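Structure first, then comments.
The values are calculated or read from the model by the stated rules, or taken from the named source; none is laboratory data. This is a predicted model, so every value here is computed, not measured. Positions of Cβ are generated from backbone atoms using ideal geometry, with glycine treated the same way; all protein chains shown enter the neighbour counts.
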Amino acid sequence: MHVNLQDAKAHFPELIEAVRQGETVTIEQSGKPIARLTPPDSPKRKIRFGLMKDEIVIADDFDEVLEPFGNKAANFFLAASLYHAHKISFSAAAALADLSFDAFLSRLQEHFDSGFRLTDETVIEDMESVANIMSNQ
């Protein structure tokens with residue numbers, strides 16, 4: 001969400017509530033960002049390694065099952081799963097899969113009938129950015 005400085009002063013409690021709900025608020029003056037209100041980082045959970053030891057077993061034929069999907073299929077499906085779960089970015093997933101940007105996109109489209117995922121917030125932010133650029137020209 002983008003607001004000008006005057007609106008931020010007038011509606012500060014509402015902006016804080018939006019931040020509490022997880023939204024990032026950019027405060028602008030003369031169409032240029034001067035401050036950003038963001039939610040605090042979520043507390044890091046301590047990872048307990050070995051918690052599921054002996055409870056998760058990978059089948060002996062695991063690699064054979066993935067063979068028809070090509071080289072490094074396990075890495076690709078792990079990266080795709082993390083990307084679709086909104087845990088990592090597209091570029092991070094492509095790097096994890098050891099694929100180029102275009103190759104990762106192509107395999108996503110091949111196996112999942114979709115490539116990029118766009119959230120409503122991303123689309124709205126992009127539209128606001130374009131409007132700001134156009135108003136400054």
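Things worth noting here:
- Of the residues ALA80, ALA35, ALA8, the single one that is surrounded by 14 or more Cβ atoms within 10 Å (Cβ to Cβ) and within 23 Å of the chain's Cα centre (by Cα) is ALA80.
- Subset of the stretch 1-35 (residues that are in contact (Cβ under 8 Å) with a residue 60 or more places away in the chain and more than 14 Å from SER129 (Cα to Cα)): GLU23
- Counting only helices (runs of 4 or more DSSP H) that fall entirely inside the stretch 23-137 and contain at least 2 residues that are over 30 Å from GLN6 (Cα atoms), at pLDDT 75 or above and out of contact with any Phe, Trp or Tyr (no Cβ under 8 Å at 6 or more places or on another chain), the qualifying elements are 73-84, 90-96, 101-112.
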